Amino acid sequence: MTTPRHIAVLDVGKTNAKLALVDADSLTEIAVVTRPNTVLTGPPWPHFDLEGHWAFFLDHLAAFHESHGIDAISVTTHGASAVLLDAKGELAAPMLDYEHDGPDSLTSEYDAIRPPFSETGSPRLGMGLNVGAQLYWQFETDPGLRDRVAHVLTYPQYWGYRLTGKMATDVTSLGCHTDLWNPWEERFSSLVARLGLTDKLAPAHPSADVLGMVSDDIAARTGLSPGTPVVCGIHDSNASLLPHVLGRKGAFSVVSTGTWVIVMSMGGQSTALDPDRDTLVNVNALGQAVPSARFMGGREYELIRAGGETEVTDTDRATVLADHIMLLPAVEPGSGPFRGREASWTVKPAEQGARMAALGFYLALMTKTCLDLVGADGPVIIEGPFARNRAYLDMLATLHTGGVEIAASATGTSVGAAMLFAENAAPPHTHKVTPSQSDALTEYAAAWQAQIEKEKTCA
């Protein structure tokens, strides 16, 4: 297939939904619009505003096509989500917000049927972070739902279905701690049958498969050509990983930063993953198992920033390093390598600048912990907003011997999703981070780790 020039990407993150138009030659976003990914309170449970997103996407697909021309469409979304459709292809129930704690009420019942970590590479997570737990709770909470559901789609493919009328799931979304996928055997897990979904969960496809062409209705609504192809779609962290999977050899890791910080190791050292520390096996766009770890770093950043200024001066950094002003995990205790712990300060920062410097160091130390847990080797490429956080980059580059790199230009999820159509494009250029104050940073990191061990001993 000839590589399309302008690729529209439906990109739904946990915090915001956006439509981006990516130029395949330069791998840059030439137009972007966003809207908040607001959670609606219910009934019957907290859910996402799918119809609001749909109207937003259609309006801006039409506008982008009129102003630039659209040759193809790709989709990327957050994970831990599935859409339930009835026999008419309409919603059988609203799409549950995975941060709703309802599934926790049936923890013991669900644990009795879920497959072990050795089968799925999926750790047991709280709330609705395991899609299997979502489905089990929804079926038990709404006894008529199981019969109403005719089709279950992973989230990127729901948008593909709205665009083309074709149903699918994709391996990257299934491989995102759903409990529904066996990443080593590349097939559905035993849980699918236990949930009664053997004939209802849509077929699994590689992310780069073309799902179909836009329907006549969509073409008429947006002005797009009826021959506009829509790719199957990809989980957002894997969209960040894809450009590097296609363009690199040897061991490396990608750290996708956003609401979640996802650490993904390619070709690293073999190590036993510990599901109790939020390590897991993701599945990349090529269907390969990828040792991964994660924490809710973007959420933690916003909680500690608390709406304050983000500027950090050299004086702020020096104060934090000299006074050992440290933030200890976990700010968001429901996930990550230190889940269940309560955050604390060794010394409470007096100024916002010092708070932000210490926060940058904390996030880097959390990232380094995750890298060690998955046996990361070789360079680490930082994607997303933390690639602009100097305190974060300095600390991580000091600690990770393989080096830290950032993209010379913004890439991220939308460009990665567009590369499902442009697999022969040159990989993104990166440059290596050269840290400053390395000795002070190394000493600070050792003291932070000593505090972690001290807390562990006292617990």
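Quick notes on this structure:
- Residues that are part of a strand (DSSP E or B) and at pLDDT 95 or above do not occur anywhere in region 51-60.
- ILE70 vs. criteria closer than 25 Å to ALA422 by Cα and assigned to a loop (DSSP other than H, G, I, E, B): yes
- Applying a threshold of 7 Å to beta carbon distances and a minimum spacing of six or more residues, or different chains, the list of pairs starting in region 128-149 at a residue that is in contact (Cβ under 8 Å) with a residue 12 or more places away in the chain and ending at one that is in a loop (DSSP other than H, G, I, E, B) and of a type in the set (Val, Ile, Thr) reads ASN130/THR178; VAL131/THR178; GLY132/THR178.
- Residue, nearest to the chain's Cα centre (by Cα), within region 1-41, restricted to residues that are over 17 Å from SER74 (Cα atoms) and touching a residue at least 24 places away in the same chain (Cβ under 8 Å): LYS14
- Taking region 208-227 as the range and being over 17 Å from MET167 (Cα atoms) and either under 18 Å from the mean Cα position of the chain (by Cα) or buried (at least 19 other Cβ atoms within 10 Å of the Cβ) (or both) as the test, the residues that pass are THR222, LEU224.
- Some residue of region 323-338 being in contact (Cβ under 8 Å) with a residue 24 or more places away in the chain and assigned to a helix (DSSP H, G or I): yes
- Selection of region 398-424 for residues being small (Gly, Ala, Ser) and crowded, with 24+ Cβ neighbours inside 10 Å yields GLY412, SER414, GLY416, ALA417, ALA418.
- Every residue from region 134-181 that is polar (S, T, N, Q) and part of a loop (DSSP other than H, G, I, E, B): THR178
- Of the candidates GLU309, GLU300, the single residue that is outside the structural domain of SER122 (by TED's automatic domain parsing), of a type in the set (Asp, Glu) and either at pLDDT 95 or above or touching a Phe, Trp or Tyr at 6+ places or on another chain (Cβ under 8 Å) (or both) is GLU300.
Residue-wise test of (1) over 19 Å from the mean Cα position of the chain (by Cα); (2) at pLDDT below 95.
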residue: PRO379; (1), (2): yes, no
residue: ALA391; (1), (2): yes, no
residue: ALA397; (1), (2): yes, no
residue: ILE406; (1), (2): no, yes
residue: GLY412; (1), (2): no, yes
residue: VAL415; (1), (2): no, yes
residue: ALA422; (1), (2): yes, yes
residue: PRO428; (1), (2): yes, yes
residue: PRO435; (1), (2): yes, yes
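- Flag for VAL171 being touching a Pro at 6+ places or on another chain (Cβ under 8 Å), more than 19 Å from ASN282 (Cα to Cα) and either assigned by TED's automatic domain parsing to the domain that holds LEU145 or of a type in the set (Lys, Arg) (or both): no
- The helices (runs of 4 or more DSSP H) falling completely within region 206-310 that include 3 or more residues that are free of Cβ contacts under 8 Å to residues at least 60 places away in the same chain map to 216-222, 297-305.
- Looking at ILE325, ILE262, just one residue is at pLDDT below 95 and out of contact with any Gly (no Cβ under 8 Å at 6 or more places or on another chain), and that residue is ILE262.
The values are calculated or read from the model by the stated rules, or taken from the named source; none is laboratory data. Note that this is a predicted model, so its numbers are computed, not measured. Cβ atoms come from the backbone with ideal geometry, glycine included; neighbour counts cover every protein chain shown.
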